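Here's the structure we're looking at; comments come further down.
A short reminder: the numbers here are calculations on the coordinates, not readings from a lab. None of the values given here were measured: they were computed from a predicted structure. Here the Cβ is made from the backbone with ideal geometry for all residues, glycine too, and neighbour counts use every protein chain on show.
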Amino acid sequence: MIQYLAENVALPKIDEHRINRWIKQVASGYEKKTGQIVYVFCDDEKILETNKKFLEHDYYTDIITFDYSTGSTISGDIFISLDTVKSNAEEQNLTFEQELLRIIIHGILHLCGNNDKTPEERADMTMKENEALSML
């Protein structure tokens with residue numbers, strides 16, 4: 001089950017059925033199936049609070065993914081700061097929706113085992129995001 005929640009922000013207008021099908025399609029490309037996935041759309045202050053509390057990081061980010069996957073079933077909580085999605089979209093000359101979709105699938109790619117810690121991993125993650133976005 002994939003859920004969409006909001007904390008301190010309005011829930012963004014997305015076609016949940018379409019996004020759910022897309023997420024499942026991307027996961028199946030990694031030979032994964034979806035379990036319990038909860039998206040929590042929030043503001044910068046909530047993502048900073050979450051970063052400090054759980055990761056001991058004192059900085060803002062666009063996404064935090066908590067991975068509870070087991071075996072071939074991906075599960076997790078994915079926090080997305082809509083404030084940062086908006087500012088990233090403006091910086092990259094994208095629409096809010098384009099950047100939001102990229103961040104939504106970015107969390108799924110993490111749950112499927114992809115990382116973005118090194119420059120090489122970041123480049124690979126961007127390529128995989130673009131591949132996934134082309135499927136939507």
query: Quick one: Cα centre-to-centre distance for segment 4-47 and segment 71-136, in angstrom?
result: 11
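Please get the size of the charge dipole for segment 77-136, origin at its Cα centre, with Cβ charges of +1 on Lys and Arg and -1 on Asp and Glu, quoted in debye to the nearest 20. Could you put the intermediate results ahead of the total?
Values: 5 positive and 12 negative charges, 15 e Å.
So the dipole magnitude of segment 77-136 works out to roughly 80 debye.
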query: Rounded to the nearest 5, what is the percent of antiparallel bridges among the DSSP beta bridges in the chain?
result: 30
task: For the chain, set up a Gaussian network in which alpha carbons nearer than 10 Å are linked by springs, and say which option among 24, 32, 53 fluctuates the most.
output: 53
- prompt: In the structure shown, do any of 53/128; 53/117; 24/46 have a Cα-Cα gap over 24 Å, and if so which?
  reply: 53/128; 24/46
Sum of -39500 (n - 2.57) over DSSP H runs of 4+, divided by residues of the chain (222 nm, nearest 500): -14500 deg cm²/dmol
